[in-house]
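Written out below as structure tokens is the structure these notes cover.
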There are 2 protein chains.
Amino acid sequence: MADKDAKEERKEIGELGEFGLIDHLTKDVELHQKSTVMGIGDDAAVIHQEGRHGIISTDMLVEGIHFHLSYAPLKHIGYKAVVTNLSDIYAMNAYPEQITVSIAISNRFSVQALDELYDGIKTACRVYGVDLIGGDTTSSTSGLIISITAIGSAEPQDIVYRSGAKPGDIMCVSGDLGAAYLGLQILERERQLYEAHPGVQPDLEDQEYLVRRQLKPEARRDVIDTFRKYKITPTAMMDISDGLSSEVFHICKASKVGAFLEEGKVPIHPDAEKMALKFKMDPITCALSGGEDYELLFTVAEADLEKIRYMPSVYIVGEIVDEKDGITLHTTGGNIHPLKAQGWQHVTG
Amino acid sequence: MADKDAKEERKEIGELGEFGLIDHLTKDVELHQKSTVMGIGDDAAVIHQEGRHGIISTDMLVEGIHFHLSYAPLKHIGYKAVVTNLSDIYAMNAYPEQITVSIAISNRFSVQALDELYDGIKTACRVYGVDLIGGDTTSSTSGLIISITAIGSAEPQDIVYRSGAKPGDIMCVSGDLGAAYLGLQILERERQLYEAHPGVQPDLEDQEYLVRRQLKPEARRDVIDTFRKYKITPTAMMDISDGLSSEVFHICKASKVGAFLEEGKVPIHPDAEKMALKFKMDPITCALSGGEDYELLFTVAEADLEKIRYMPSVYIVGEIVDEKDGITLHTTGGNIHPLKAQGWQHVTG
């Protein structure tokens, strides 16, 4: 162990054993939340929510489906896996406090590779102040699978469901859309180039914004902070993981209302707009159907309109209407179309 | 759909889409717990634990590692996946109330196959009175992966950690050991026979007990009920998933104590004893190192000894001693050996 080069050598997971591996990965876990009574190290973790409601969300990420190791660094995969779960808790107008992380890995991963993954997981925990309180580490016959459960809490009256939108409510999003999807297109293109010409290094520097939105998204805790500060309680909210159109449909279905979206008001970052056109795609379609932006879509009562205007980076994109009026898109050209819930069309021209 | 035979046809997962699949699998989910405020259908579930402590445990099961579809029916896999998680909550002397279930599946699974899996999951929820409140359904590039998080609650003073055992405490197990391991050996033997002679039907009928202990284990809720009834609070407890020896080491390490196990008092079912000898294995080694029995290992203060004697199917297997006295096995032959934490030896004779 005195040999400095020794730490550069690949360490096999089998050398540590299951319990050794868990100890190794979790030895420097810090706890931030007073609601964490007991973290890792027993049959189960113990928390105390002080009479508040508990908020639970869970997600599973599969290599080759949700991420590709060819372009996503393990640290970013760990970070994003946590952030996308926390986003679901914020989308309830609640604060995440704990997570559990289960992973399945094949033996092509070294201990160092897992350290990188956990580095990303722990970084996200530190940035968002959540505690890693448990999990499971097991073998996989093929790739990497990550399952995260996030636990949060909120005062009962603060919790915002998808089902509370009312006709007349203003529909807002917390930031620009479509960038994560275009970041993915760039990474996919580079992957294909790399597979065809293995020596070529990817050149992503001029697309830093789009690539970051895909590889290292952030959850909008700051929006929830602002809601508390200005005493705003949205009437309905969810996070935009599948694309704005799809989420508008979810809120309308849960709230039994219709909605119109104003095409011209959907925020699109200039980099996203430029890249969409370069890929011969329609920028608005990228924004409506792209997904993975992890911005918040929320509705507020008209009475809160003035407060909303003070909020940084909130965009008013439409309005809730009666269910019978349907879900429509008002185009910049002045037309009204039924909104499509999904469906991706390349611009063929 | 009027054609009765139509429902026998294989239905592809893709026909339903992700949201359709979730709706299909969860449409008949029943809620039993008053602590469940909001189940499936929003970004996150909402619970309320009424000032009690929350208990969280999570596990991931991977096809080809934890189960083989060649001998485990999907319904049993679903049932066991839930039960093994609940077992961790009972092992804290707490009651499970909710679970989330995430699955990754490849397209070789039909909707009917998933229905079977969820049938087992829902059956376990009904039997143990827990609510399925959330989850995730995603694609897998290869096999079936199941990740379950169980959430329970308990009064703070009732929670039992691994770390509370004291010298002089009595060490007990809640039932016979080794049977699940021997059940697995039988199933593995049948699998190999089947692979060599595909026409042969497995004959498991005379080994119903051992096979059931492997394929359809139960969590010991009844033991927790009895603790409450007799006002017993164990000083330490955990469930036996990796084998008695391994769990004794965990409790001793967490409690900073030693222990002795009396070989002659470790309960072994007659079927397990017979089958071990047939496989040329040492029955006590099966009981100490087999794992997956999901019995409870617990320690109680000597003052509770009389109460423990009244409990059905509780076996006193040893005693907690000072840390310096180590962890030993007192053999039926009168010898004292250091207990081995793991390690599996076939009887070579």
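Of the helices (runs of 4 or more DSSP H) contained entirely in the range B:249-320, those carrying at least 3 residues that are in contact with a helix residue (DSSP H, G or I) (Cβ under 7 Å, 6 or more places away or on another chain) and crowded, with 19+ Cβ neighbours inside 10 Å fall at B:270-278, B:283-289. Given the criteria of a type in the set (A, V, I, L, M, F, W, C), closer than 19 Å to B:R220 by Cβ and surrounded by 21 or more Cβ atoms within 10 Å (Cβ to Cβ), does B:A44 qualify? Spelling it out, it is not the case that B:A44 is of a type in the set (A, V, I, L, M, F, W, C), closer than 19 Å to B:R220 by Cβ and surrounded by 21 or more Cβ atoms within 10 Å (Cβ to Cβ).
The residues of the range A:85-110 that are among the polar types (S, T, N, Q), at pLDDT 95 or above and not in a strand (DSSP E or B), listed by number, are A:N85, A:S87, A:N93. If you go through the range A:116-145 one residue at a time, how many are within 9 Å of chain B (Cβ to nearest Cβ) and either part of a strand (DSSP E or B) or more than 26 Å from A:D28 (Cβ to Cβ) (or both)? Going through the range A:116-145 one residue at a time, the tally reaches 11.
Here is a check on your reading of the model: is B:V82 in a strand (DSSP E or B) and crowded, with 20+ Cβ neighbours inside 10 Å? So B:V82 does not fit the description; no.
Say whether the condition of being in contact with a Gly (Cβ under 7 Å, 6 or more places away or on another chain) and of a type in the set (V, I, T) is met by at least one residue in the range A:134-151. The answer is yes; a qualifying residue exists. With the condition kept exactly as written, say whether any residue in the range A:296-305 is among the hydroxyl-bearing types (S, T, Y) and at pLDDT 95 or above. So far as the range A:296-305 goes, yes, one or more of its residues are among the hydroxyl-bearing types (S, T, Y) and at pLDDT 95 or above. Checking each residue in the range A:233-253 for being farther than 9 Å from A:D293 by Cα and within 11 Å of another protein chain (Cβ to nearest Cβ) picks out A:A236, A:M237, A:M238, A:S246, A:E247, A:F249, A:H250, A:I251, A:K253. So which residues in the range B:146-167 are more than 12 Å from chain A (Cβ to nearest Cβ) and surrounded by 24 or more Cβ atoms within 10 Å (Cβ to Cβ)? B:A165 - this is the single residue of the range B:146-167 that is more than 12 Å from chain A (Cβ to nearest Cβ) and surrounded by 24 or more Cβ atoms within 10 Å (Cβ to Cβ). Given the criteria closer than 30 Å to B:G143 by Cα, surrounded by fewer than 19 Cβ atoms within 10 Å (Cβ to Cβ) and under 22 Å from the mean Cα position of the chain (by Cα), does A:E188 qualify? Here the answer is yes, as A:E188 does meet what is asked.
Results for (1) more than 10 Å from chain A (Cβ to nearest Cβ); (2) in contact (Cβ under 8 Å) with a residue 60 or more places away in the chain, shown as yes or no for each residue.
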position	(1), (2)
B:H68	yes, yes
B:Y71	yes, yes
B:H76	yes, yes
B:A91	no, yes
B:I103	no, no
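The values are calculated or read from the model by the stated rules, or taken from the named source; none is laboratory data. Small disclaimer: the values here were computed from a predicted structure and weren't measured. With ideal geometry, Cβ positions are generated from the backbone for all residues, glycine too; neighbour counts draw on all protein chains shown.
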